[in-house]
Structures are given as structure tokens and as C-alpha cells.
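The values are calculated or read from the model by the stated rules, or taken from the named source; none is laboratory data. Here the structure is a predicted model, which is why all the values come from computation and not from measurement. Because the Cβ atoms are built from the backbone with ideal geometry, glycine has one as well, and the counts that use them run over all protein chains shown. Surface accessibility is based on the protein's heavy atoms, side chains included, excluding ligands, DNA and RNA. Shrake-Rupley method; radii C 1.70, N 1.55, O 1.52, S 1.80 Å.
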Amino acid sequence: QVQLAESGGGLVQPGGSLRLSCEASGTIVRLNALGWYRQAPGKQRERVAVISSMVTTNYAYAAKDRFTISRNNANKTVYLQMNSLRPEDTDVYYCNARLTGNEYWGQGTQVTVSS
């Protein structure tokens, strides 16, 4: 079993920054793609950014040039640096990890951008 523990969410003013972290633990042979997704109440979960095992990154249009995803394989951690935050970035952010044959989700961390 694999657990994902997110941290780093909170309240920030427009234009501010937050750094989300997600640490994987449990029986892990190899972490493949890692990603961050977001979900608002009543809406579908949507991709924010994904980073492959080869460190190839892919961003949603709204995240490009403002967010940066990175990973530390030794610590089994994925990060999301979010800059120039906007009120419309307010959501619950979820970490996702893909291992061979399985996919796991974190419990989510709330990000609120408001003055």
C-alpha cells in the first residue's frame, strides 16, 4: 500500500506564492509519473501539472509560466511551486502518483487566494 501526504496549502493574498509538497510512503519499488490536480466543489478534478520519471513536465494552460513542478526521487517527494497566485487558483489540490499497475491519490490540501 502507498500513502501520499500533502502539505503546504493555506491562505495567500493575490500575487503571493505557495509551495505544495507531497511525500509518498509505503511499499514503493518505482515511482513513475507524479502530478498535481485541482478540484472545486461540484466540478471535475483537473490536471495542473505532471512530471514523468524522466523529469519531463506538462502543465495545464492556466499553470504555465506561474507554477513549477519538481520531484526528489530520493525523498519520494513531488513539489508544486505556485507563484503569482490568483483568486481563481482557489481549490483543493491533490497529489497523484502512478506506480506500475496502480495509481494513488493524496487527501488534498486547500489553497485559498484572497485579499
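Some values worked out for this structure:
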| item | result |
| --- | --- |
| Selection from segment 25-37 of residues that are crowded, with 18+ Cβ neighbours inside 10 Å and modelled with pLDDT of 90 or more | ALA33, LEU34, GLY35, TRP36, TYR37 |
| Tally of residues being exposed (fewer than 14 other Cβ atoms within 10 Å of the Cβ) and outside any strand (DSSP E or B) across segment 38-61 | 10 |
| Breaking point among (1) within 14 Å of the chain's Cα centre (by Cα); (2) modelled with pLDDT of 95 or more, for TYR61 | (1) |
| Residue check, VAL92 in contact with a helix residue (DSSP H, G or I) (Cβ under 6 Å, 6 or more places away or on another chain) and either farther than 24 Å from VAL2 by Cβ or in contact (Cβ under 8 Å) with a residue 40 or more places away in the chain (or both) | no |
| Of all residues in segment 91-107 being open to solvent by less than 20 Å² (accessible area, probe 1.4 Å) and not acidic (Asp, Glu), the one that is nearest to the chain's Cα centre (by Cα) | CYS95 |
| Scope segment 66-90; condition open to solvent by 60 Å² or more (accessible area, probe 1.4 Å), in a loop (DSSP other than H, G, I, E, B) and either under 21 Å from ALA33 (Cα atoms) or touching a Pro at 6+ places or on another chain (Cβ under 7 Å) (or both); matching residues | ASN73, ALA74, ASN75, LYS76, ARG86 |
| Among (1) of a type in the set (A, V, I, L, M, F, W, C); (2) closer than 21 Å to SER114 by Cα; (3) not in a strand (DSSP E or B) - the single one LEU20 does not satisfy | (3) |
